[in-house]
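The values are calculated or read from the model by the stated rules, or taken from the named source; none is laboratory data. None of the values given here were measured: they were computed from a predicted structure. Note: ideal-geometry Cβ built from the backbone for every residue, glycine included; neighbour counts use all protein chains shown.
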Amino acid sequence: MSSGPGKQELPGLADGVEECWMEMDGARMRYLRAGSGPPLILLHGLLAYSFSWRFALPALAPFATVYALDQLGAGFSDRPKGLDHSMRGTALRVLTFASSLGLSSFDLLGTSRGGAVAMCAAAESLTRDRPRVRRLILVCPVNPYSPHGTRLAPFLGTPFGASGFRWVVARMPFLFSYGHGRLYADPMNIPADSLKGYEAPLATPGFFEHGLSIVKTWTADLKELEQLLPRLRPIPTLLVWGNKDPAVHVSSMEPLARNFAHVQKVVFRGVGHLPYEECPEEFNKALIDFLKQ
């Protein structure tokens, strides 16, 4: 593990947040570290990175030692070719990350596709000789009960769909901005630095290839997730949603909640897929209240 470049090069990096690196699977994975106390690992969503947590890291630091990952292939981490980016493959790297830090147990937060990875990691953590996930925080998590993406993702995972996606992105770069804006319920709530921050990793080749490799296993991942959900029943869990989420429907919250014996639910009114950006103060309060229990 080693420190990276200076803060002036890093979008949204607050005082007290340290940039770190870890060798994993022959590549360098970037992560941010802040605070002190019980460990909490944060997992970003598809086409995102640790920048998602720029408002949460300073708020959570007094209550936990927080680690915000750039998954391999995303953010400013390396983009190794041929890496297993399936839900389970990514989840196992999260547990390897925790083990490399010397953690025996930790809390785990995942948003969007990172929420599916978090659930898989929690299930895998119940096996012997692995760091144990104590509590789960799932923010608008991809799950088997929301139909959104069940057709588009498998299509983009085909050679024809992937080629079409590359062609469109190369000729219409404004679509990234359009897609980003649609994740918010109210355009007035989009933070001023948001689009620029999310666009920063696009300068590193392979950014969209990471996303395309994920959608290749989307259907299989959802089937696997549905099968492993019963194993998560004893894990205390917080579910967080925006009631205007256009990406993962809030209607899937209740069927997902039934898989957990100890579950708390928070729904933010008039908020979309990124509550940690659209209503950061309310979001951070909900997390802190859960962590302090």
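Structure data summary
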{"quantity": "Boolean, P191 is closer than 21 Å to G270 by Cβ, in contact with an Asp or Glu (Cβ under 9 Å, 6 or more places away or on another chain) and outside any helix (DSSP H, G or I)", "calculated": "yes"}
{"quantity": "Selection status of P5, touching a helix residue (DSSP H, G or I) at 6+ places or on another chain (Cβ under 8 Å), of a type outside the set (K, R), at pLDDT below 95 and part of a loop (DSSP other than H, G, I, E, B)", "calculated": "no"}
{"quantity": "Residue satisfying all of: in segment 217-247; among the polar types (S, T, N, Q) and at pLDDT 95 or above; surrounded by the most Cβ atoms within 10 Å (Cβ to Cβ) among these", "calculated": "T237"}
{"quantity": "Enumeration of residues in segment 212-241 that are under 29 Å from R132 (Cβ atoms), hydrophobic (A, V, I, L, M, F, W, C) and not in a loop (DSSP other than H, G, I, E, B)", "calculated": "I214, W218, A220, L222, L225, L228, L229, L232, L238, L239, V240, W241"}
{"quantity": "Test: residue in segment 189-204 that is surrounded by 15 or more Cβ atoms within 10 Å (Cβ to Cβ), modelled with pLDDT under 95, of a type in the set (D, E) and within 25 Å of A56 (Cα to Cα)", "calculated": "yes"}
{"quantity": "The lone exception for A261 - which of (1) under 16 Å from P144 (Cα atoms); (2) surrounded by fewer than 16 Cβ atoms within 10 Å (Cβ to Cβ) it fails", "calculated": "(1)"}
{"quantity": "Enumeration of residues in segment 273-283 that are closer than 20 Å to V263 by Cβ and not hydroxyl-bearing (S, T, Y)", "calculated": "P275, E282, F283"}
{"quantity": "Unmet requirement for S213, which otherwise passes all of (1) within 25 Å of G73 (Cβ to Cβ); (2) more than 17 Å from the chain's Cα centre (by Cα)", "calculated": "(2)"}
{"quantity": "Residues satisfying the stated conditions in segment 77-93, i.e. touching a residue at least 40 places away in the same chain (Cβ under 8 Å) and of a type in the set (G, A, S)", "calculated": "S77, S86"}
{"quantity": "Only one of E277, E209 that is touching a Gly at 6+ places or on another chain (Cβ under 8 Å) and either assigned to a helix (DSSP H, G or I) or of a type in the set (S, T, Y) (or both)", "calculated": "E209"}
{"quantity": "Among the residues listed as A98, A56, the single one being modelled with pLDDT of 95 or more, crowded, with 21+ Cβ neighbours inside 10 Å and closer than 17 Å to Y276 by Cα", "calculated": "A56"}
{"quantity": "Scan of segment 242-254 for residues that are under 17 Å from G45 (Cβ atoms) and part of a helix (DSSP H, G or I), ordered by number", "calculated": "V250, S252, M253"}
{"quantity": "Given (1) under 11 Å from the mean Cα position of the chain (by Cα); (2) at pLDDT 95 or above, index of the condition A48 fails", "calculated": "(2)"}
{"quantity": "Exclusive hit being touching a helix residue (DSSP H, G or I) at 6+ places or on another chain (Cβ under 6 Å), within 14 Å of Y31 (Cβ to Cβ) and surrounded by fewer than 24 Cβ atoms within 10 Å (Cβ to Cβ), set D78, D70", "calculated": "D70"}
{"quantity": "Number of positions in segment 73-117 that are in a strand (DSSP E or B) and over 15 Å from R134 (Cα atoms)", "calculated": "1"}
